[in-house]
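A quick write-up on the structure given underneath.
The values are calculated or read from the model by the stated rules, or taken from the named source; none is laboratory data. For clarity, every value in this text was computed on a predicted model and none was experimentally measured. Positions of Cβ are generated from backbone atoms using ideal geometry, with glycine treated the same way; all protein chains shown enter the neighbour counts. For the accessible areas, the whole protein counts, side chains as well, though only heavy atoms, and no ligand, DNA or RNA atoms are used. Shrake-Rupley method; radii C 1.70, N 1.55, O 1.52, S 1.80 Å.
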Amino acid sequence: MTSLEMYPPTLTIAQLAESQGVCTKTARKWCLAKEHPLPSYKLGNIRRIRKDALITWIKQREEGAAP
């Protein structure tokens, strides 16, 4: 896992995967999950994830709380 500071305010699936040390398929699954998905949006054909949404989502998972 790398520091999120080096990334722009919104991440692509590839940047999310790289920052979290997972494959792009796993990162996409996080965004499209039925239960507790990682908040994201599409801009054209590219799915975007806000860094602050990622940080909040990670903290909620660490605490075991539902979003």
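What do you get when you divide the Cα radius of gyration of the chain by 2.2 N^0.38 Å, with N the number of residues? If you can, show how the numbers build up before the last one.
On the way: Rg = 11.2 Å, N = 67, 2.2 N^0.38 = 10.9 Å.
That works out to 1.03 for the chain.
Probe radius 1.4 Å, ligands and nucleic acids ignored: give me the carbon and sulfur share of the accessible area of the chain as a rounded percent.
Details: 2490 of 4650 Å².
Whole-percent figure for carbon plus sulfur exposure: 54.
For Lys59 and Glu5, compute 0.36 nm times the residue count separating them, minus their Cα-Cα distance, and round to one decimal in nm. Intermediate results must be reported in sequence, preceding the final value.
Working: separation 54, 0.36 × 54 = 19.44 nm, distance 1.71 nm.
So the extension gain works out to 17.7 nm.
Tell me the label-point distance for the pair Val22, Ile46, using the 7 Å Cα-to-Cβ offset, in nm and rounded to one decimal.
2.1 nm
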